[in-house]
Amino acid sequence: MALNDFFAGEIATELLKQLLSISRKSCLCKSSADNLITSIEELLPIINEIKYSGVELSAIRQSQLDRFSETLRGGLELARKVLASGRWNVYKNLQLARKMERLEKQVSRFVSGPMQAHLLADVHHMRFETMERFDQLEGRLEQRLNSMKIGAGGWVEEAVKRMEVEEEASLGIFNGVGLDLGKSKVKKMIIGRDDLNVVGICGIGGSGKTTLANEICRDNQVRSYFNNRILFLTVSQSPDLQQLRARIWGFLTGNEAMGYTNNLFVPQGKLQCEWGSGPRTLVVLDDVWSLSALEQLIFRIPTYKTLVVSRFKFPTPVVNEVYNVELLREDESLSLFCHSAFGQKWIPPTANETLVKQIVHECKGLPLALKVIGASLRDQPEMYWASAKKRLLRGEPICESHENKLLERMAISVEYLNKKVKECFLDLGSFPEDKKIPLDVLINMWVEIHDIDEEEAFAILVELSDKNLLTLVKDPRVGDAYSSYYEICVTQHDVLRDLALHLSNQGDVNERKRLLMPRRDTELPREWERNTDQPFNAQIVSVHTGEMREMDWFRMEFPKAEVLILNFSSNEYFLPPFIDDMPKLRALIVINYGTNEAILENFSVLTNLANLRSLWLEKTWVPQLTNPTVHMKNLRKLSMVLCKVNNSFNPSVIDLPLIFPRLLELIIDHCHDLIKLPSSICEVNSLQNLSITNCHRLCELPADLGMLKKLQVLRLYACPELKMLPPRIGELIGLKYLDISQCFNLRCLPGEIVRLASLEKIDMRECSQIVSLPPRTALSNMKSLRRIICDDEVSWQWRYLEKTNPNLHVQVAEKCYSLDWLDG
């Protein structure tokens, strides 16, 4: 018998006495102390058996017991510190409570691994006469281990790491604050749906995903449903997949000790088929970063469920259903913030209540932001809090601690993106906070500056959405061929926007790739003005102000600028003179967030932009497009949204093919003063996409519309005053998509429509006046038709064509589409 065998028993006995005292005196540590008391009471008989057996253990097993003695020795020291700590030292007591939880997990891991698999086996063989007693003890130990918070099994290091992640990811959602709704929904997926084998918890970094998963594992109803068979594993970015598979397989087959070290008996490849059956089992895979890793860790076995916790959304065939973590409400945010800042869940009488609530508001419900910012303000004077509020309002870090703990920790979600996707994420910092970004603006910008096509740009958007780095507000049409990007929009959490700003605003101001204003201001930043003696080499320039007059601008040179974004709120706006010094400008975005359309002055400055390819105007008066004033020979895309346009389309002075000789796409949306299109639009031979939507006064289209031989998309969505399509529409030989949905007064489809040999899709939902179609024999000549979306009343006439055209699908519309993106 080694000396440490004796000490292990003595230390365990002394530790048990201390834990009993802690259980009676310390509220914060009571739960951990009670769990440890139970475990150590069950361990003592085993230790005493070894101590008095007179049998020498092998070197390996003696080493394991030695390490356990050291663990108990450290626990004894910790217990003495807990008893010696003053009850009013809340911060120290919280730290000690966390250490007690870690000790509890260390003990449970030792018992479930080496102690259970080796020590019990040795004693069983050496003391055969006590076999029955030890079998009973083993059963009690297994039952106790399975009731531990993080499930049976797992390395000590893993438990510690998970605790650290939980702390970083807003562990402080105490006493169920902010978790009840999430718990309810996830529990329904796990124990209320037998058809779901793999479910997920998804959310941005710091939103409390791991905290929610841990609460699910602790829930009595969940533990009872799975009979305490719950395994919690942290996968991480660089996982040891073989070891993880062995751990899972060992747990599933009841040979958990084998799962720690032996991979020989684990089935190779993806076990996706139905295999056997067994007791209900839940395996939680936390911090999953890749689909390929996840697929190797899923064992599709009846009664076995997997809960995947990740920042990313995985395909539905792999993860059957996902709960997206919701951010905290205002009252929940305040409780969490106060716990970090004051050690209690309410604002103390000595604090400035208004100031506290303003700072909480700027955290926007993100648990990580609330926890880190609250901790950074703890015990600081009120002047420091006031400064912090101003910095948050300006989108600046409070201090080095805030910058490192919040932005840099959340930056991990960005660092693993490929270069082009990361650049697109950083571009999002160019737009104002709390505003919805029309997707068409993003797509245009990315196409122009990142040398990608629209399909790749949309794929990048979906990837960023799946990684929770933005929120895609989807119209049901999104993803369809010929769908309009401006029918959807993008939103982004303020903290993620601050992260994009933080990463973009590093380095010398003249050398930054993006020159951005974090918040709206009455004037341009002084930092810009101080550096006007040197050119600014930014590729993207974003300005956010109120009304700007000519004298409010100062001269700046932008030899490399390709995108200029002008965000403002006013009734009048003088376009910046420095546009003259942007020779490479390819995309200009002008968005007015004011209540009325703004009058744009200095519009003639655009005539010098030889490389301008995309122009977006929103909520402005569009100046009269007369020939001497405007000539944009390389403009490919013109978008006018919520604009006053009728005066600019005066048919007596406008010559669109001369002004826009290479125009490919014209978008006019929510321009309520548009009554007629100028006939000269029919001479813009390059035009491929004409979208006139939500223009409620449009009553007539040019008779010669058929001259647009290259037109592929004609979208006339929600133009209720439009009563007929021009007869020459049949001459649009290149047309592939026609959208006349919600044109309530459109009375018929002209017979000439059957000549559209290239037409693939028609959307005519909510066209209540159209009750009959051209003759069936004529319609049957439209061999390219693939999809018809219409109301039920007229669907039967189209379904006749399905018999002669097997590639045609007739879809009956079920609902109309909202325009809630305009709220932003």
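The values are calculated or read from the model by the stated rules, or taken from the named source; none is laboratory data. These numbers were taken from a predicted model, which means no experiment stands behind them. Cβ atoms come from the backbone with ideal geometry, glycine included; neighbour counts cover every protein chain shown. The accessibility values were calculated without ligands, DNA or RNA, using every heavy atom of the protein model including side chains. Shrake-Rupley method; radii C 1.70, N 1.55, O 1.52, S 1.80 Å.
At-a-glance table
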{"item": "Accessible-area value, Val771, 1.4 Å probe, nucleic acids and ligands omitted, Å²", "result": "100 Å²"}
{"item": "Extension gain from Leu83 to Asp521, taking 0.36 nm per residue of separation minus the Cα-Cα distance", "result": "152.2 nm"}
{"item": "Distance in nm between pseudo-label sites at Ala459 and Leu241 (7 Å out along the Cβ direction from Cα)", "result": "2.2 nm"}
{"item": "Pair Asp451, Arg776: separation of 7 Å Cα→Cβ label points (nm)", "result": "5.6 nm"}
{"item": "Which of Trp553, Trp798 is most accessible, then next, and so on - probe 1.4 Å", "result": "Trp553, Trp798"}
{"item": "Of Leu575, Phe554, Gln539, farthest towards positive along the dipole that unit charges on Lys, Arg, Asp, Glu beta carbons give region 492-600", "result": "Gln539"}
{"item": "Residues Asp195 and Asn220, FRET efficiency given R0 of 22 Å [Cβ-Cβ distance, rounded to 0.05]", "result": "0.35"}
{"item": "Heavy atoms of Met707: accessible area, 1.4 Å probe, square angstrom to 10", "result": "70 Å²"}
{"item": "Accessible surface, 1.4 Å probe, highest first, among residues Asp669, Asp240", "result": "Asp240, Asp669"}
{"item": "Protein-only accessible surface order, largest first, of Arg530, Arg218, Arg555 at 1.4 Å", "result": "Arg530, Arg555, Arg218"}
{"item": "Gap separating the Cα centres of region 700-744 and region 757-812, nearest whole Å", "result": "16 Å"}
{"item": "In range of the label at Asn611: residues from region 555-581 whose backbone nitrogen is under 20 Å from the point 7 Å along Cα→Cβ", "result": "556-566, 576-581"}
{"item": "Environment charge at Pro775 (Cβ cut-off 15 Å; Lys +1, Arg +1, Asp -1, Glu -1)", "result": "+1"}
{"item": "Note, ³J(HN,Hα) from phi for region 575-583, Karplus 6.51, -1.76, 1.60, rounded to Hz, x at Gly and Pro", "result": "4, x, x, 5, 4, 4, 9, 10, x"}
{"item": "Point-to-point label distance, Glu793-Leu393, nm (Cα→Cβ direction, 7 Å offset)", "result": "5.6 nm"}
{"item": "Heavy atoms of Arg519 accessible to a 1.4 Å probe, total area in Å² rounded to 10", "result": "40 Å²"}
